[in-house]
Amino acid sequence: MDKFTANDLLDQYENLLTDKQQKICQLYYREDLSLMEISELMSITRAAVHDTLKRCEKLLASYEKNLSLCAKSHERFVLYQQIKAYNITDINDIVDKLIDTE
């Protein structure tokens, strides 16, 4: 799983992970730390970090498969952009507010 996809999934489903899983994912995907850096920081083995990340990737993919929150968010964004293409100031302001609430 690439980091862009993982970050999208974490935005939607991070709270469904355990605190430890959240921390490891945050350090790896959002702060771009290596497996070794995370293992040293959290006092666990590199293998434990790797296994946790793989488990989280499967969980996040499963949540998306069942709930489709990321896919729906992307669909809404495309629709917002289509509305903005009409270039009407009031509509653009409303769409900007909608996008900010995502």
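The values are calculated or read from the model by the stated rules, or taken from the named source; none is laboratory data. Predicted model, so just to flag it, every value in this text is computed and none were measured. Positions of Cβ are generated from backbone atoms using ideal geometry, with glycine treated the same way; all protein chains shown enter the neighbour counts.
Going through LEU33, LEU53, LEU60, LEU9 one at a time, which residue ends up being touching a Phe, Trp or Tyr at 6+ places or on another chain (Cβ under 8 Å), farther than 21 Å from GLU102 by Cβ and among the aliphatic types (A, V, I, L, M)?
Values: LEU33 fails: touching a Phe, Trp or Tyr at 6+ places or on another chain (Cβ under 8 Å); LEU60 fails: farther than 21 Å from GLU102 by Cβ; LEU9 fails: farther than 21 Å from GLU102 by Cβ.
Within the list LEU33, LEU53, LEU60, LEU9, the selection yields LEU53.
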Query raised in the report: Say we look at the range 12-31 and pick out the residues that are over 11 Å from CYS56 (Cα atoms) and free of Cβ contacts under 8 Å to residues at least 12 places away in the same chain; which of these is surrounded by the most Cβ atoms within 10 Å (Cβ to Cβ)?
Result: GLU31
**Report entry** All positions within the range 1-11 that are aliphatic (A, V, I, L, M) and either exposed (fewer than 14 other Cβ atoms within 10 Å of the Cβ) or in contact with a Cys (Cβ under 8 Å, 6 or more places away or on another chain) (or both)
**Finding:** ALA6, LEU9, LEU10
Query - Pick from the range 52-97, criterion under 14 Å from GLN12 (Cβ atoms) and aromatic (Phe, Trp, Tyr), ranking: surrounded by the fewest Cβ atoms within 10 Å (Cβ to Cβ) - result: PHE77
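Residues in the range 82-89: is at least one in contact with a helix residue (DSSP H, G or I) (Cβ under 7 Å, 6 or more places away or on another chain) and among the polar types (S, T, N, Q)?
Start the filter on the range 82-89 by keeping residues that are in contact with a helix residue (DSSP H, G or I) (Cβ under 7 Å, 6 or more places away or on another chain), which leaves 83-84.
From what's left, among the polar types (S, T, N, Q): none.
Among the residues of the range 82-89, not one is in contact with a helix residue (DSSP H, G or I) (Cβ under 7 Å, 6 or more places away or on another chain) and among the polar types (S, T, N, Q), which makes the answer no.
Could you tell me whether ASP100 is at pLDDT below 95 and loosely packed, with under 12 Cβ neighbours inside 10 Å? Don't jump to the end; show me each part of the working.
Details: at pLDDT below 95: yes; loosely packed, with under 12 Cβ neighbours inside 10 Å: yes.
Yes: the conditions hold for ASP100.
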Report summary line: LEU60 passes all but one of the listed conditions (1) more than 15 Å from the chain's Cα centre (by Cα); (2) closer than 27 Å to LYS3 by Cα; the exception is number (1)
